[in-house]
Amino acid sequence: MKLLVCIKQVPDMESRFRPAADGLWFDESDLAWRMNEYDEYAVEQAVQLKEQLGKEPELTVLSIGPDRVVEALKKALAMGGDRAVHIQDNAAHLKDPWQIASMISRYAGDKGFDLIFTGMQSQDRGSAQVGVLVAEMLRIASATTLVDFNYADGLIQGKRELEGGVKGLVELQLPALVTCQLGLNTPRYPTLPNIMKAKRKPIETIAADELLSEGALAPATKFYAPERKAGGMVLEGDLSGMVEKLVGVLKEKTAVLR
Amino acid sequence: MKALLVCEYREGQLLETTYELMTFADQLGAEKAAILIGDEESVPQMDGTVYLAEAAGCGEYNPAVHKQVVLAAIEKEKPDYIILSHSSYGWDLAPRLAAALKIGQVTEIVGIVEDGFEAGCCNAKMRRAVTPSTSQAVLTVQAGAFAAATPQGAPAVERIDISADTQGVVFKGYEPAEKKEVDLARAEVIVSAGRGIGKKDNIPVIAELAKVMGGELGASRPVVDAGWVDHSRQVGTTGQTVAPKLYVACGVSGAIQHLAGMKKSDFVVAINKDKDAPIGEVADVLVVADVMQFVPALTEALQK
Ligand SMILES: Cc1cc2nc3c(=O)[nH]c(=O)nc-3n(C[C@H](O)[C@H](O)[C@H](O)COP(=O)(O)OP(=O)(O)OC[C@H]3O[C@@H](n4cnc5c(N)ncnc54)[C@H](O)[C@@H]3O)c2cc1C
């Protein structure tokens with residue numbers, strides 16, 4: 001069985017974001033990078049499946065982006081991936097989901113993957129499109145937002161998370177693609193021995209040009225900070241002063257603490 | 001300009017979000033038609049045409065079938081925009097439509113801007129304007145971003161009969177929400193713990209503040225996913241919707257899915273070390289501080 005996990009490297013969301021000079025995406029300087037949170041669940045699920053099937057499946061992890069994304073690939077290898085594919089693209093952030101999906105599906109097209117995992121969305125762009133687009137381009141079944149995953153005999157039994165705590169029960173026949181939601185499992189931390197082992201695992205590099213033949217269908221035209229609503233009070237500075245102020249405000253403005 | 005609204009229907013009922021799509025379409029200045037995969041009784045109240053396919057024959061949600069039904073309606077209506085909610089239904093179906101028609105898609109729209117659509121990004125901290133370059137486009141609209149229109153009017157109902165193949169994904173039914181340990185919807189005060197509290201051991205500190213304030217402990221999703229507190233305490237789209245008199249968010253960033261669950265609170269206090277955290281958008285008071293220093297100090301002051 002051949003497994004593919006698509007991962008993205010994103011900035012720490014607690015960062016301060018500033019528009020880059022072109023005004024289309026954020027300025028990358030001074031950002032700390034990590035694996036997209038949703039993708040950690042995807043990698044973990046693939047590794048668990050590999051363990052379940054007695055290490056028979058081969059697990060490829062793929063990421064599109066500049067050289068820094070190799071760090072995220074190495075983490076995925078240390079979590080249990082067998083090999084990595086780096087689609088080298090310094091302009092990945094300017095590509096729309098359609099283009100990203102077309103590159104992935106072009107890569108995956110002739111490799112015969114039985115099961116593909118992606119995160120349900122990226123934390124930075126949040127389009128939630130790439131996974132399903134890849135599946136549609138490859139003409140395979142897909143299900144999104146999985147919070148439960150079980151595999152046996154070519155059949156996936158999954159739970160999709162709907163709104164308000166309700167879940168949808170789905171069944172998919174391989175080949176298939178699933179997008180993973182927070183809480184699907186508990187992503188493991190790579191151990192030191194596994195980090196060392198990962199260093200010997202192969203990372204193939206492919207130039208983006210070799211895979212890209214599609215233009216953007218929905219490009220971004222501007223990146224900016226939201227307009228701040230005025231009105232809210234901001235307390236800053238010394239701790240006891242802030243506590244005192246807040247208690248005063250709560251007594252005055254809410255019926256709760258009177 | 002024409003818009004085709006894809007109604008949302010679950011467990012035999014039309015969902016309220018359908019009416020939000022109408023407001024969005026009106027703001028675009030579009031002429032509206034809708035497609036409902038449901039039943040005759042659930043047809044939305046609006047003017048124009050509603051294409052109706054019976055859910056009994058199509059499945060409440062079978063992606064392959066729903067894709068074909070909506071494509072059939074698109075074929076008849078020839079809309080400029082195909083509009084869905086950015087929900088578990090919408091984000092699953094929308095890319096299938098975009099792929100079939102090879103057209104642009106914009107997701108999680110929160111506004112309409114001069115040169116396109118405004119979407120949140122970077123965990124709601126920033127915005128992007130996105131402009132489809134195709135003449136037709138699929139749009140998904142963030143729940144709550146546009147107020148629901150008042151149901152009014154009576155549409156002409158046109159039936160679509162599809163005997164589609166159901167291969168691929170099979171929908172097996174619903175699993176109801178878990179039993180609640182607490183009913184946050186009734187709480188007058190909720191003090192919520194977010195990931196910013198750092199670790200499970202810190203939960204009692206937040207719970208203590210909730211107790212002193214006479215309220216309940218709430219939580220954001222990562223806190224629940226990590227098993228620090230029970231799921232019934234999760235506030236947000238996939239947790240509970242709450243409307244307390246006072247909501248205190250401790251180390252919660254204010255992602256859109258969390259805000260959706262608590263923005264009806266009367267008075268919101270946020271404690272966050274990041275002055276730019278999006279929770280500041282809805283907070284009446286934003287305390288810029290380390291939550292684990294501030295909360296014990298506040299609890300102590302209130303105990304006096
Ligand atoms: C389909 C879907 C459904 C979802 N449903 C929900 C839902 O129902 N409810 C929900 O909550 N989320 C939901 N989410 C997840 C949501 O997108 C966010 O990931 C989540 O709300 C973030 O939780 P948080 O604010 O606790 O954590 P983070 O976003 O990690 O934020 C932590 C915050 O704490 C602050 N902080 C860190 N350390 C300190 C400190 N020492 N002192 C003070 N502040 C500190 C940081 O500045 C930051 O603002 C959903 C996501 C998806 C895709």
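The values are calculated or read from the model by the stated rules, or taken from the named source; none is laboratory data. Just so we're clear, the structure is a prediction, and the values are computed from it rather than from any experiment. Backbone-built Cβ (ideal geometry, glycine too); neighbour counts: all protein chains shown. In case anyone asks, the SASA skips ligands and DNA or RNA and just uses the protein heavy atoms, side chains included. Shrake-Rupley method; radii C 1.70, N 1.55, O 1.52, S 1.80 Å.
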**Request:** Just one of (1) touching a residue at least 40 places away in the same chain (Cβ under 8 Å); (2) farther than 21 Å from B:Val65 by Cα; (3) open to solvent by 40 Å² or more (accessible area, probe 1.4 Å); (4) of a type outside the set (Val, Ile, Thr) trips up B:Gly29, so point out which.
**Result:** (1)
**Prompt:** Within the stretch A:89-106, which residues are part of a helix (DSSP H, G or I) and closer than 25 Å to B:Ala129 by Cβ?
**Reply:** A:Ala92, A:His93, A:Leu94, A:Pro97, A:Trp98, A:Gln99, A:Ile100, A:Ala101, A:Ser102, A:Met103
**Complete:** Scanning the stretch B:121-141 residue by residue, those open to solvent by 10 Å² or more (accessible area, probe 1.4 Å) and touching a residue at least 12 places away in the same chain (Cβ under 8 Å) turn out to be B:Asn123, B:Ala124, B:Lys125, B:Arg127, B:Thr131, B:Pro132, B:Ser133, B:Thr134, B:Ser135, B:Gln136
**Request:** Six or more apart or on different chains, Cβ under 6 Å: which pairs go from a residue in the stretch B:281-299 that's among the charged types (D, E, K, R) to one that's in a strand (DSSP E or B)? Could you list them?
**Result:** B:Asp284/B:Phe267; B:Asp284/B:Val268
**Those residues of the stretch B:174-191 which are surrounded by 16 or more Cβ atoms within 10 Å (Cβ to Cβ) and within 15 Å of the ligand (Cβ to nearest atom), in sequence order** = B:Ala177, B:Leu184, B:Ile190, B:Val191
**Complete:** The lone condition B:Glu60 fails out of (1) open to solvent by 20 Å² or more (accessible area, probe 1.4 Å); (2) at pLDDT 95 or above is (2)
**Message:** Any residue at all in the stretch A:166-185 that's free of Cβ contacts under 8 Å to residues at least 24 places away in the same chain, farther than 30 Å from A:Leu62 by Cα and not basic (Lys, Arg)?
**Reply:** yes
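What about B:Phe146, is it open to solvent by less than 20 Å² (accessible area, probe 1.4 Å) and in a loop (DSSP other than H, G, I, E, B)?
Spelling it out, B:Phe146 is indeed open to solvent by less than 20 Å² (accessible area, probe 1.4 Å) and in a loop (DSSP other than H, G, I, E, B).
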**Complete:** Of the residues in the stretch A:135-157, those that are open to solvent by 50 Å² or more (accessible area, probe 1.4 Å) and within 7 Å of another protein chain (Cβ to nearest Cβ) come to A:Met137
